[in-house]
Amino acid sequence: MMNNTSEFKIPDDFSLVLGGPLFQLLIRARLSTDTLGLLKRRVIVISLFAWLPLLVLSVLAGEALGGAIKVPFFYDVDAHVRFLGAVPLLLVAELVVHQRIRLIIQQFIERRIVLPQARPEFDAIFGSALRLRNSVVIEVLLLVLVLTATHYLWASQMALESATWYAAIVDGHRQYSPAGYWYAFVSIPIYQFLLARWFFRIFIWARFLWQVSRLDLHLVPTHPDRAAGLGFLGGSVMAFWPLLLSQGALLAGLIANHIFYEGKTLLDFKPEIVAAVVFILLLVLGPLCVFAPRLAQVKRQGLLEYGALANRYVREFDDKWLRGGAPLDEPLVGSGDIQSLNDMAGSFEVVQTMRPFPFSKTAVLQTAIPVLVPLLPLTLTMISLEDLVKRLMGILL
């Protein structure tokens, strides 16, 4: 049995975010350290690089506060939320995920879920994930994707059709202003590239978990977390909260623009809101579902094994206390057999109530909440603040 911790070293250097060409570039530009330090500097520089030129150029063109355009720069909710809210949150998410996910991964070793004989395979999976994270080719492909397909998607589906500070509609075509060129070809790609890198990191996370799920894992069906000992994986949801909040804020900004400047209502976007929540649930909780087949197998086996054990125990209990098998001088009151019978029933119930996934309903709510919370202010476009307060007071009182 391997008890020497030096031989069974915990992989404390795993990180989804410490790697790739952009990470190295930020270090050389003194906007980051090799442990994601200088966060405030990084947030300020990147956010202002995307947002400040838009302010300057729109002011110089007289498009910051009004004029003949329908949507001046200062009234474009989406632009401000995207670059002063969503972008900083994407950068903050890197530090949070770096600090928390590696602690979650360590649990596979600390809890001896990965058996010693499976450790070489675990280390190989670990190394493969790091190599994929550091891939130069992948980041170049993401950049090309951002400058082509995703740019077209934004221009055709998400940009306003009204005359704005960044573009005028002439003969049905969008003509960019000087600020608009920076917005469309610098600022938007910066955001999209940061987001695309996050999607890639989550792919690495999902691939890592899928490969680990195929190892020889030591899972115990009677574990009180009702996930055979894998319940700690549900804690990964909180690590992604800044990322989820950034997506909720961006969704709220996009919808706000359409409500304020195109006469739509919040209810017009119910399909988009539902789709966004479902997508986020799949994005964050989907990778954890790779353990579902193993948990189902553990539950089936546990029901058989603990069912047989329980059957043996209750037969012996029945023979002893109901069929005259107990010694005459052994009192029933205070006997440990009663407590043992109760413990056996409790263990069997834990196996019966095992969850099919390594997360609870609480984790589902924790995933949906940061996406929906930024949308709450938009309910004021449908009901006055006074009426809203009266209804809330009526519910509470």
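The values are calculated or read from the model by the stated rules, or taken from the named source; none is laboratory data. Predicted model only: the values in this text are computed from it and were never measured. Reconstructed Cβ throughout: ideal geometry from the backbone, glycine too, with neighbour counts over all protein chains shown. These accessible areas exclude ligands, DNA and RNA; they are computed on the full protein's heavy atoms, side chains included. Shrake-Rupley method; radii C 1.70, N 1.55, O 1.52, S 1.80 Å.
Please list, in order along region 281-292, the HN-Hα scalar couplings obtained from phi with the Karplus expression 6.51 cos²θ - 1.76 cosθ + 1.60 (θ = phi - 60°), rounded to whole Hz, x for Gly and Pro.
Result, rounded to whole Hz: 4, 5, 5, 8, 8, x, x, 6, 6, 5, 8, 4.
What spacing in nm lies between the two simple spin-label points modelled at Leu22 and Ser135, each 7 Å away from Cα in the Cβ direction?
For Leu22 paired with Ser135, the spin-label model returns 1.6 nm.
Report the accessible area of Arg41, computed with a 1.4 Å probe over the heavy atoms of all protein chains in place, in Å² rounded to the nearest 10.
Counting only protein heavy atoms, the figure is 110 Å².
Residue by residue, what Karplus-based ³J(HN,Hα) values in Hz, rounded to whole numbers, does region 81-98 have, using 6.51, -1.76 and 1.60 with θ = phi - 60° and x for Gly and Pro?
Per residue, the Karplus-derived 3J(HN,Hα) values read 5, 5, 9, 9, x, 5, 4, x, 5, 4, 6, 5, 4, 4, 5, 5, 5, 4 Hz.
How many angstrom separate the Cα center of region 172-220 from the Cα center of region 360-376?
20 Å
Can you pull the accessible area of Arg112 for me, 1.4 Å probe, Å² to the nearest 10?
90 Å²
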